[in-house]
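The values are calculated or read from the model by the stated rules, or taken from the named source; none is laboratory data. Quick caveat: nothing in here was measured; it's all calculated off a predicted structure. So basically every Cβ, Gly included, is an ideal-geometry build from the backbone, and we count neighbours across all protein chains shown. The area values use the complete protein model at the heavy-atom level, side chains included, leaving out ligands, DNA and RNA. Shrake-Rupley method; radii C 1.70, N 1.55, O 1.52, S 1.80 Å.
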Amino acid sequence: MIEFFLGGIAACGAGFFTNPLEVVKTRMQLQGELRARGTYVKSYRNVFHAFYTIGKVDGILALQKGLVPALYYQFLMNGTRLGTFQMCKNVGLVTDKNGDVIYWRSVVAGAFAGTVGAVVGSPMYLIKTHLQSQANMHIAVGHQHSHEGMIAGLKGIFKKHGVLGLWRGVNGAVPRVMMGSGAQLSTFTNAKVYVEKTKIFKQGSWLIPLTASFLSGIAVTMVMTPFDVVSTRLYNQGVDPSGKGSTYKGFFDCFWKILWKEGPLGFYKGWTASYFRLGPHTLLSLVFWDQTRAVYMIVQNKE
């Protein structure tokens, strides 16, 4: 269980600092939903303009909208994800007889860990997305939910649509996190081993996980952004009285509609925000994870 706890703590530390970028990313991904380029007004021209606009119109605190469910999500999803992946490593599922990492195994283990984490954290991601998309009518994008907060939102969804309503959108979260996690954890693990073998930095240096996580962040951004856009749309869409999505029937329906209405570039809306968010978040979460595990091992050895 300690692996799950350490992974969750590391992710929360990263999530606190990167949540404003998550707000910006969510708004940009919902902007111009199912509209062709040039047929809608851009409230957010780029990531920097989005920061300025949200701060000016909604207030500076709006850049931390959805922070509480975001931290719960980070702890639940990433705690489960990083903990599951570490357990796979501990029992030798990602290494050969000599202890060397086997790339394809690390990819599969990362994807599996991401899938488990996505399912566990889905309700928190749902309410986080709803709260982060809430905006002044002059800069509002996507469907606007009326939740007054995390608890009120979760209660309202449960009351109207039951337990399954809390997991609406998970079919978009699983491929999103599976692809991102597979790219992140496998790249980080292999990059860390490579950097250690080069002996550029001394053994145990914090610069080793720092360099490895930087490389991992680039991979995650490239692989994950299209799935992230689809996931955001599925989570944020309105629902009919039966609890079914009013805009998209599911992952593939959403994927096709974005491609048909917005073109291939529609999958990379908010790409710059994703890069600025995923890069630092990957960097911070993996460095925090690596360092918290190192501290834990030192304490264990002293005992």
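In region 156-173, of all residues being in a helix (DSSP H, G or I) and without any contact (Cβ under 8 Å) to a residue 60 or more places away in the chain, the one that is most open to solvent (accessible area, probe 1.4 Å) corresponds to Lys159.
Each residue in region 191-209 was checked for being out of contact with any Asp or Glu (no Cβ under 9 Å at 6 or more places or on another chain) and either open to solvent by 50 Å² or more (accessible area, probe 1.4 Å) or within 21 Å of Tyr103 (Cβ to Cβ) (or both), and 12 of them qualify.
A quick yes/no check of all residues on (1) at negative phi; (2) not small (Gly, Ala, Ser):
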| position | (1), (2) |
| --- | --- |
| Gly162 | no, no |
| Trp206 | yes, yes |
| Arg233 | yes, yes |
| Ser242 | yes, no |
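Kindly establish whether Gly15 is closer than 30 Å to Asp290 by Cα, over 13 Å from the mean Cα position of the chain (by Cα) and surrounded by 20 or more Cβ atoms within 10 Å (Cβ to Cβ). So Gly15 fails the test. When both residues are 6+ apart or on different chains and their Cβ atoms are under 6 Å apart, which pairs have a first residue that lies in region 251-275 and is within 20 Å of Glu22 (Cβ to Cβ) and touching a residue at least 60 places away in the same chain (Cβ under 8 Å), and a second that is open to solvent by less than 60 Å² (accessible area, probe 1.4 Å) and polar (S, T, N, Q)? Final answer for the pair search is Lys269/Gln29; Gly270/Gln29; Ser274/Thr221; Ser274/Thr225.
Of the listed requirements (1) in contact (Cβ under 8 Å) with a residue 12 or more places away in the chain; (2) open to solvent by 10 Å² or more (accessible area, probe 1.4 Å), Gly117 misses just one: (2).
Consider Val68 carefully, then state whether it is among the β-branched types (Val, Ile, Thr), farther than 21 Å from Leu284 by Cβ and open to solvent by 40 Å² or more (accessible area, probe 1.4 Å). Answer is no for this residue. Taking residues in region 46-63 that are under 13 Å from Gly270 (Cβ atoms), and partners anywhere that are surrounded by fewer than 14 Cβ atoms within 10 Å (Cβ to Cβ), not one pair has Cβ atoms closer than 8 Å while being at least 6 places apart or on different chains.
Checked against the criterion of being surrounded by fewer than 22 Cβ atoms within 10 Å (Cβ to Cβ) and touching a residue at least 12 places away in the same chain (Cβ under 8 Å), the candidates Leu82, Leu34, Leu30 yield just one match: Leu34.
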